Amino acid sequence: MSDRFCTPERGVSVYSHGRSRKMGNVPKLSAGLLLYRVRDGDVEVLIGHPGGPFWARKDEGAWSIPKGEYGEGEDPWTVARREFEEELGKRPPQGPRIALGPVKQPGGKIVTAFAVQGDLDLEGTFSNTFTMEWPKGSGAIREFPEIDRAAWFPVAQARSKLLKGQRVLLDRLMAAIADDAPAESRSH
């Protein structure tokens, strides 16, 4: 990733999962993997619903591709695969990847996304967890899954489920599938 996102004078914050990110005006970087399959001629995508109390009663516009933050010098493709496994408890299927490119989220986070065609049985999926004070101000620390459920959705339905800033990834995926992306835009 380009040095334009990172400057040495910014502070570094380390999270419990051992990764760090730059603080300040530099956007957070995240990488994700959008798994897709074709069933009865329809493209379906695998997305996850975020865990925790903030998202508990939200559904439309709350789901996300499996993704996670990364730091300077990390390879986004490697991070996307790692985060997929951490958030679903299963390795992503092997196959050619389609680079869907970076998208800037409304909050400023830059998400670099990839797509891979494959199927995944959701039986036995589980997510890594995070801790937070809940209820806020109570002093009680609780643990929540990063993703509390995952599901396959046809693209039209996924469009309403996904976070607004990630919906463009569906457009890019469908364009790549329609164009049968040339070999140089795919990586193995």
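Using only side-chain charges placed at the Cβ, +1 for Lys and Arg and -1 for Asp and Glu, the dipole size of the stretch 29-80 relative to its Cα centre rounds to 220 debye.
Normalised per residue, the accessible area of the stretch 71-137 is 54 Å², obtained with a 1.4 Å probe and no contribution from ligands, DNA or RNA.
The values are calculated or read from the model by the stated rules, or taken from the named source; none is laboratory data. Just so we're clear, the structure is a prediction, and the values are computed from it rather than from any experiment. Neighbour counts are summed over all protein chains in view; Cβ atoms, including those assigned to glycine, are modelled from backbone coordinates with ideal geometry. With ligands, DNA and RNA removed, areas are computed over all heavy atoms of the protein, side chains included. Shrake-Rupley method; radii C 1.70, N 1.55, O 1.52, S 1.80 Å.
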